[in-house]
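Working notes, structure below.
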Amino acid sequence: MTVAATARGLLELTRPTNTVAAGALTFIGAFVAGGAFDQPTATAAAVGATWFATAAGMAINDYYDRDIDRINDPERAIPRGAVSPRGALAFSVVLFVGAIALAVLLPPLALGIAAVNLAGLVTYTEYFKGLPGAGNALVAYLVGSTFLFGAAAVGEPLAGGVLAVLAALSTFTREVIKDVEDLEGDREEGLNTLPIAIGERRALVLGAVLLVLAVAASPLPYLLGTFGIWYLVAVAPADAVMLLAAYRSFADPERGQKLLKAGTFVAAVAFVVGRVAAA
């Protein structure tokens with residue numbers, strides 16, 4: 001295996017799209033809280049910590065999932081031999097150290113959120129992934145907390161609250177849909193994910209119900225007077241995409257979860273629009 005192939009494998013372990021997206025969500029949290037540009041150092045530290053922590057979590061998840069991935073996704077870095085299991089584990093440790101080094105620069109509440117999230121990332125695959133709904137709930141919290149983390153980094157944690165809840169609910173649904181996709185490998189490894197425990201259709205119905213609740217709650221920032229009419233205009237397409245995703249997931253789980261990921265980011269953009277319009 002060449003150095004270039006190993007470097008590519010390590011980069012793949014970080015899931016660049018996901019890690020950059022997580023950093024962007026943290027920035028949005030700081031922006032919605034009104035401190036992204038007023039406190040650039042804190043914002044940069046929070047975004048960097050999020051990137052490192054998310055990348056570390058992805059790498060250690062692939063380490064623990066290496067046997068499942070031989071069935072579900074054999075082209076990932078470890079199953080195809082681009083990175084050894086020991087190399088992936090060592091790489092994740094380096095990334096976690098980077099996340100901690102940046103997190104200690106932040107206010108106490110943000111540091112506390114970072115500590116909880118790091119613990120969640122480390123324990124997810126080994127302890128929570130195979131528990132019906134528990135792994136889904138943990139991932140949902142981790143995604144939602146990126147907004148809280150960004151807002152807390154600039155001293156206004158409550159400003160990211162509604163967005164965090166909406167993101168968590170939609171992420172829970174997306175994780176359930178993904179478990180339906182991965183049913184064969186998860187069953188082979190003896191995991192008791194939600195679709196295995198209660199059946200695919202019931203799991204998808206539960207996810208759809210939670211998603212409808214998220215959509216129903218999306219006008220809250222407008223109703224509470226936090227944002228004006230432009231927020232409603234911007235969040236409407238996100239709601240439409242999310243509802244379409246819930247519908248499509250019953251026939252095509254892969255398409256459903258991709259649509260849902262897109263809808264979550266459109267919703268985040270709606271909060272940015274709301275903040276800009278309010279300013």
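The values are calculated or read from the model by the stated rules, or taken from the named source; none is laboratory data. Not measured: the values here are computed from a predicted model. Positions of Cβ are generated from backbone atoms using ideal geometry, with glycine treated the same way; all protein chains shown enter the neighbour counts.
Contact annotation: residue pairs with Cβ atoms under 9 Å, 6 or more positions apart or on different chains, pairing a residue in segment 31-50 that is within 21 Å of residue 277 (Cβ to Cβ) and without any contact (Cβ under 8 Å) to a residue 24 or more places away in the chain with a partner that is assigned to a helix (DSSP H, G or I) and among the polar types (S, T, N, Q), are 37/43. Filtered by the rule that a residue be in a helix (DSSP H, G or I), touching a residue at least 40 places away in the same chain (Cβ under 8 Å) and of a type in the set (A, V, I, L, M, F, W, C), segment 246-268 gives 246, 260, 265, 267, 268. Applying the criterion of being in contact with a Leu (Cβ under 8 Å, 6 or more places away or on another chain) and of a type in the set (Gly, Ala, Ser) to the residues of segment 264-279, the residue that is surrounded by the most Cβ atoms within 10 Å (Cβ to Cβ) is 268. When residue 63 is tested against (1) buried (at least 17 other Cβ atoms within 10 Å of the Cβ); (2) farther than 30 Å from residue 183 by Cβ; (3) among the hydroxyl-bearing types (Ser, Thr, Tyr), just one condition goes unmet, and that condition is (2). Checked against the criteria, residue 159 does not count as in a helix (DSSP H, G or I) and surrounded by fewer than 18 Cβ atoms within 10 Å (Cβ to Cβ). Residue 226 meets each of the listed conditions (1) surrounded by 14 or more Cβ atoms within 10 Å (Cβ to Cβ); (2) part of a helix (DSSP H, G or I); (3) at pLDDT below 90 apart from (2). Within segment 165-206, the set of residues being without any contact (Cβ under 8 Å) to a residue 24 or more places away in the chain and crowded, with 24+ Cβ neighbours inside 10 Å comprises just one member, 195.
Considering segment 107-133, the residues that are among the small types (Gly, Ala, Ser) and crowded, with 16+ Cβ neighbours inside 10 Å include one that is modelled with the lowest pLDDT, namely 130.
Please work out if residue 42 is in contact with a Gly (Cβ under 9 Å, 6 or more places away or on another chain), over 28 Å from residue 181 (Cα atoms) and modelled with pLDDT of 90 or more. Yes, satisfied.
Taken as a whole, the structure leaves residue 131 outside the set of residues that are over 18 Å from the mean Cα position of the chain (by Cα), closer than 19 Å to residue 28 by Cβ and of a type outside the set (Asp, Glu).
Yes/no matrix, rows are residues, columns are (1) hydroxyl-bearing (Ser, Thr, Tyr); (2) out of contact with any Pro (no Cβ under 7 Å at 6 or more places or on another chain); (3) crowded, with 24+ Cβ neighbours inside 10 Å; (4) not in a loop (DSSP other than H, G, I, E, B):
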{"position": "9", "(1), (2), (3), (4)": "no, yes, no, yes"}
{"position": "12", "(1), (2), (3), (4)": "no, yes, no, yes"}
{"position": "19", "(1), (2), (3), (4)": "yes, yes, no, yes"}
{"position": "27", "(1), (2), (3), (4)": "no, yes, no, yes"}
{"position": "34", "(1), (2), (3), (4)": "no, yes, no, no"}
